[in-house]
1. Checking the structure you have, find out if any residue of region 29-49 is among the acidic types (Asp, Glu), in a helix (DSSP H, G or I) and surrounded by 15 or more Cβ atoms within 10 Å (Cβ to Cβ).
2. Quick check on region 144-154: of everything there that is outside any helix (DSSP H, G or I) and of a type in the set (D, E, K, R), which residue is farthest from the chain's Cα centre (by Cα)?
3. For region 102-143, which residues satisfy the criterion of being in a helix (DSSP H, G or I) and without any contact (Cβ under 8 Å) to a residue 12 or more places away in the chain?
4. Look through region 155-169, keep the residues that are among the small types (Gly, Ala, Ser) and assigned to a helix (DSSP H, G or I), and return whichever of them is surrounded by the fewest Cβ atoms within 10 Å (Cβ to Cβ).
5. Considering only residues that are among the polar types (S, T, N, Q) and either modelled with pLDDT under 95 or surrounded by fewer than 18 Cβ atoms within 10 Å (Cβ to Cβ) (or both), look in region 88-126 and name the one that is farthest from Glu65 (Cα to Cα).
6. Going by the structure shown, is Gly55 under 30 Å from Tyr97 (Cβ atoms) and either among the basic types (Lys, Arg) or in a loop (DSSP other than H, G, I, E, B) (or both)?
Amino acid sequence: MEHHEDKDGLLAEAVALRQEGRREEARERLVALSARWPDDAGIAYQTAWAHDVLGLEAEAVPYYEKALGDASGRLAPDDRRGALLGLGSTYRVLGRYEDAVALLTRAADEFPEDGSLRAFLAMALYNTGRHHESVSLLLRLLAGTSEDPSVRTYRPAIEHYAEDLDAIG
């Protein structure tokens with residue numbers, strides 16, 4: 001029987017390989033770890049990420065879904081946020097725009113402080129033809145997060161028009 005620290009150590013080694021740029025080797029190790037511990041949410045998330053960074057988006061999806069779904073051991077909040085962003089972005093790249101909008105909307109509600117989720121949601125909204133909603137979301141994000149002095153000066157106006165881009169006056 002494997003000890004818990006063995007699993008953690010093997011996972012850490014695989015993640016380190018990815019961080020060192022040895023992405024294919026990391027992916028191979030993570031796929032093996034996923035087969036060995038199929039119900040581990042953390043391993044599933046890291047395996048999804050390893051596929052994603054190699055441009056293997058379709059292969060990443062089931063790992064992301066497992067990490068966020070029924071896998072045992074809930075993800076830490078930062079990993080959950082990363083998995084939601086990764087899966088939403090991957091759905092979008094694969095042309096699954098409605099799935100991306102639905103997932104990223106829930107993710108942005110769950111993590112309202114994360115501007116990257118709203119940025120990716122705006123892209124997915126654009127892809128579904130919801131251009132007004134997309135631009136409005138981006139303008140609110142810009143107004144709320146920009147450190148640019150000129151944007152900050154016009155923040156009230158940007159926020160006002162973000163609510164109704166067709167408003168006059």
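1. There is no residue in region 29-49 that is among the acidic types (Asp, Glu), in a helix (DSSP H, G or I) and surrounded by 15 or more Cβ atoms within 10 Å (Cβ to Cβ).
2. Looking at the filtered set, the residue picked out is Asp148.
3. Correct list: Ala102, Asp109, Tyr126, His131, Glu133.
4. Result: Ala157.
5. Among those residues, the one meeting the criterion is Ser116.
6. yes
The values are calculated or read from the model by the stated rules, or taken from the named source; none is laboratory data. Everything quoted here is computed from the prediction, not taken from an experiment. In this analysis, Cβ positions are derived from the backbone assuming ideal geometry, glycine residues included, and neighbour counts consider all displayed protein chains.
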